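The values are calculated or read from the model by the stated rules, or taken from the named source; none is laboratory data. Keep in mind that this is a model prediction, so the values were computed, not measured. All Cβ positions, glycine included, derive from the backbone under ideal geometry; neighbour counts span all protein chains shown.
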Amino acid sequence: MKQEKTAGQTLRETLFWEPKHAAERISEEEVQRADAFCEDYKQFLDAAKTEREAVCTAVKLAEARGFVPYCVGQVYKAGDKVYLNNRGKSLLLAVFGEAPLQEGVNLLAAHIDSPRIDLKPRPVYEDNEICYFKTHYYGGIKKYQWTAIPLSLHGVVVKRDGTVVEVKLGEDAGDPLFVITDLLPHLAKDQMSKKMTEGVAGEALNILIGSRPFKDDAASEKVKLNVLHLLQEKYGIDEADFLSAELEFTPAFSARDVGFDRSMIGAYGHDDRVCAYTALRATLDAEKPARTMVTILADKEEVGSNGNTGMQSSFLAYFIDDIAEAAGTKGRHVLSKSCCLSADVNAAFDPSYPEVTEKRNTALLNYGVVITKYTGARGKSDTSDASAEYMAQIRRTLDDANVVWQTGELGKVDQGGGGTVAMYIANLNVDTVDLGVPVLSMHSPYEVVAKLDVYMAYRAFLAFIG
Ligand code: MN
Ligand code: MN
């Protein structure tokens, strides 16, 4: 016989807010849709390991869905789809809506750069008949995680005459790989007793690139000579060309399912391609939204969003100015009425390291997309902190669309912290909040996300676009 609920039980159900595992909140069919969606996501991860590759891949996907290059001055009508490629490293996509532009736009902003190992301008050297590249790491990494793992090389070399040579080596079966060596444990007594921040020095992140000499009795540095000779044959470049190159080493791993239940994905660079891809897919799937929607895939977030391809650039504001002018209004009036989801990841609670998070306010794997009201560190410094009004609007939007969501804070108070592009967009007088996917092992060479959370990010962006 079914027992009647007590008054206290009923009241508790009304008043308490208790998030649940997404799998317990959605249908089996939706779980299958999430798994299918993530197959496409894994392909994107493997095709787009760097910001340049992400822009190329996104443009291809957008063009296949009817997006065309944006023309300054052209007047667009509802349903028109355009993109603007900023120097091959950041991308704007827009779908024009039914409402007049002066009512504002809906913005999605994600970043497509990830922590990695960059080359120095003069990288090639030979030491004890072994040839190496000198590097400078990009973004916040734990340096010890990047030794003794397979690395692949991505990027461009621009020769003095402007010829662009594209490089992608280490991703295809049969390609050579690259590696940063580490000490054997037998001889690591001193290294192992150092602090972890000092165990592997920045200047020790040298990449192994060759060990056979050029056949010539008189020449010196014959291993370096042999490597440069091979590079000349394959790419037509010489040592000076590294000065005008952007070459980046990323982990050579491909995206794979994780776990017996295949519920998770392990890959390099979920931060932030997981939000870039889900935002992109929502943009491609937006047919005649009520308000115009603009998606920006930005570069340089991991190093502070500076430069002309970063979110602190005027790239977005100029674009809004241009579409506003063509529509007979002003960019600042459009921005002041606009809303933004800063689509970026947050840390997922890691049961092996519970001490760094406060369990009531941390995002959990599989509990859906995470809303982060504020980021920052040391007393909320450096955050735009979303308003109560805007939080209410986002809550309502997600609930109305049955999106599984949760809230999260990046770690315990005073444990550390971090930022996103949210504040740079909020500074343009746009209502902005962070929303994204919880990640395990963030900024490591192999990050982990849960498939249901990925799908919920896509659903959240679709709901936001309206
Ligand atoms: Mn990020
Ligand atoms: Mn990051």
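A few notes on this one:
- Members of the range 279-290 found to be in a helix (DSSP H, G or I) and either modelled with pLDDT under 95 or away from ligand 2 (no atom under 16 Å from the Cβ) (or both), listed by number: Leu280, Arg281, Ala282, Thr283, Leu284
- Of the strands (runs of 3 or more DSSP E) lying entirely inside the range 366-466, those containing at least 2 residues that are more than 18 Å from the chain's Cα centre (by Cα) and of a type outside the set (Val, Ile, Thr) span 405-407.
- Among the residues of the range 348-376, just one is under 14 Å from Val413 (Cβ atoms), surrounded by 21 or more Cβ atoms within 10 Å (Cβ to Cβ) and within 16 Å of ligand 1 (Cβ to nearest atom), namely Thr375.
- Residue list for the range 272-286, filter: near ligand 1 (Cβ under 10 Å from one of its atoms) and in contact with a strand residue (DSSP E or B) (Cβ under 6 Å, 6 or more places away or on another chain): Asp272, Val274, Cys275, Ala276
- First in the range 36-47 and without any contact (Cβ under 8 Å) to a residue 12 or more places away in the chain, second anywhere and part of a helix (DSSP H, G or I) and of a type in the set (Val, Ile, Thr), Cβ under 8 Å, 6 or more apart: Ala47/Thr57
- Count - residues of the range 377-405 that are small (Gly, Ala, Ser) and either closer than 23 Å to Met264 by Cβ or surrounded by 17 or more Cβ atoms within 10 Å (Cβ to Cβ) (or both): 3
- Exactly one residue out of Asp216, Asp271, Asp241 is under 31 Å from the mean Cα position of the chain (by Cα), of a type outside the set (Phe, Trp, Tyr) and more than 16 Å from ligand 2 (Cβ to nearest atom), and it is Asp241.
- Flag: Glu248 matches the condition of being within 25 Å of the chain's Cα centre (by Cα) and either on the phi > 0 side of the Ramachandran plot or buried (at least 17 other Cβ atoms within 10 Å of the Cβ) (or both).
- Residue in the range 427-442 that is within 14 Å of His270 (Cα to Cα), surrounded by fewer than 20 Cβ atoms within 10 Å (Cβ to Cβ) and in contact with a Gly (Cβ under 6 Å, 6 or more places away or on another chain) present: no
- The range 264-281 residues that are under 12 Å from Leu297 (Cα atoms) and touching a residue at least 40 places away in the same chain (Cβ under 8 Å), paired with ones that are within 13 Å of ligand 1 (Cβ to nearest atom) and of a type in the set (S, T, N, Q) (beta carbon under 6 Å, 6 or more apart): none
- Options His154, His136; residue that is assigned to a strand (DSSP E or B), at pLDDT 95 or above and surrounded by fewer than 17 Cβ atoms within 10 Å (Cβ to Cβ): His136
- Residues considered: Leu208, Leu228. Of these, the only one that is in a helix (DSSP H, G or I), under 34 Å from the mean Cα position of the chain (by Cα) and under 24 Å from Arg116 (Cβ atoms) is Leu228.
- Within the range 330-385, the residues that satisfy the criterion of being of a type in the set (Ser, Thr, Tyr) and more than 16 Å from ligand 2 (Cβ to nearest atom) are Ser336, Ser338, Ser352, Tyr353, Thr357, Thr362, Tyr367, Tyr374, Ser381, Ser384.
- Looking across the range 291-308 at every residue that is away from ligand 2 (no atom under 16 Å from the Cβ) and touching a residue at least 24 places away in the same chain (Cβ under 8 Å), the one that is surrounded by the fewest Cβ atoms within 10 Å (Cβ to Cβ) is identified as Asn308.
- Within the range 139-151, the only residue that satisfies the criterion of being among the basic types (Lys, Arg) and buried (at least 16 other Cβ atoms within 10 Å of the Cβ) is Lys143.
- Tally, over the range 94-129, of residues that are away from ligand 2 (no atom under 16 Å from the Cβ) and in a strand (DSSP E or B): 14
- Every residue from the range 164-182 that is in contact (Cβ under 8 Å) with a residue 40 or more places away in the chain and assigned to a loop (DSSP other than H, G, I, E, B): Gly170, Glu171, Leu177
- Selection status of Thr407, closer than 22 Å to His111 by Cα, among the β-branched types (Val, Ile, Thr), within 16 Å of ligand 2 (Cβ to nearest atom) and out of contact with any helix residue (DSSP H, G or I) (no Cβ under 6 Å at 6 or more places or on another chain): no
- Cβ-Cβ under 6 Å pairs, at least 6 apart or on other chains, the range 7-21 side surrounded by 10 or more Cβ atoms within 10 Å (Cβ to Cβ), far side of a type in the set (Ser, Thr, Tyr): Pro19/Tyr367
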